[in-house]
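Have a look at the structure below before the remarks.
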Amino acid sequence: MTTGRATPAEDACTNALPMAALSGPVGHAVSRVARLHRTAAGKALREVDLYPGQELLMMHLWDRGAVRQTELIRALDLDPSTVTKMLQRLEQTGHVRRRPDPADRRAVLVEATDESCALHTAVRDAWSGLEEHTLAGLDPAERTELVRLLAKVEENLCRETADCPDRY
């Protein structure tokens with residue numbers, strides 16, 4: 001039953017500043033753009049039968065060849081159970097193969113299969129399309145400037161968190 005009076009928590013929320021004012025216009029814009037980009041990437045990846053994040057795992061394997069599962073977990077900065085689930089799905093679709101590491105039978109090596117070559121092309125095309133969609137309306141100089149500015153922002157955040165992931 002309501003009394004018609006606002007609670008202190010409701011008053012605080014009603015009188016609160018908009019989120020953009022709390023986080024700053026840049027933080028709010030980066031958050032919105034990242035969310036929209038993630039959504040668009042998910043849509044593009046669904047068209048090639050991948051879930052978001054699986055393409056990054058595959059890119060790592062295509063770039064580096066067979067690696068230990070623990071390296072994938074570290075490189076992707078994901079929970080081990082998440083990487084295990086991703087690998088199970090990719091193994092079921094024939095894109096990756098897992099086998100014991102001959103140097104340490106307790107470790108597991110993961111590698112892209114020959115069958116994943118078609119997926120490589122599809123992922124490259126999906127990301128190229130996403131890039132063009134994302135940057136539509138920006139001229140070459142603006143695109144270069146955006147990349148330069150985002151690299152500076154990334155460096156600031158890396159210094160702040162002391163935790164910069166590998167770049168793909």
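The values are calculated or read from the model by the stated rules, or taken from the named source; none is laboratory data. Predicted, not measured: the structure shown is a model, and the values here were computed from it. As a convention, Cβ positions derive from the backbone with ideal geometry for all residues, glycine included, and neighbour counts pool all protein chains shown. With ligands, DNA and RNA removed, areas are computed over all heavy atoms of the protein, side chains included. Shrake-Rupley method; radii C 1.70, N 1.55, O 1.52, S 1.80 Å.
Values as computed for the structure displayed
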quantity	calculated
Residues with amide H under 5 Å from that of Thr113, placed H, sequence gap 5 or more	Val96, Arg97
For region 104-150, size of Cβ-based charge dipole, Lys and Arg +1, Asp and Glu -1, in debye	260
With DNA, RNA and ligands ignored, accessible area of Lys43 (1.4 Å probe; Å², nearest 10)	120
Accessible area of region 41-159 belonging to carbon and sulfur atoms, whole % at 1.4 Å probe	54
Magnitude of the charge dipole, region 41-159, Cβ model with Lys/Arg +1 and Asp/Glu -1, debye to 20	560
Length-normalised contact order of region 41-159 in % [C-alpha pairs under 8 Å, at least 6 apart]	26
Area of Asp114 that stays accessible when all protein chains are in place (1.4 Å probe, Å², to 10)	130
Mean accessible surface per residue for region 62-168, computed with a 1.4 Å probe while every protein chain stays in place, in Å²	69
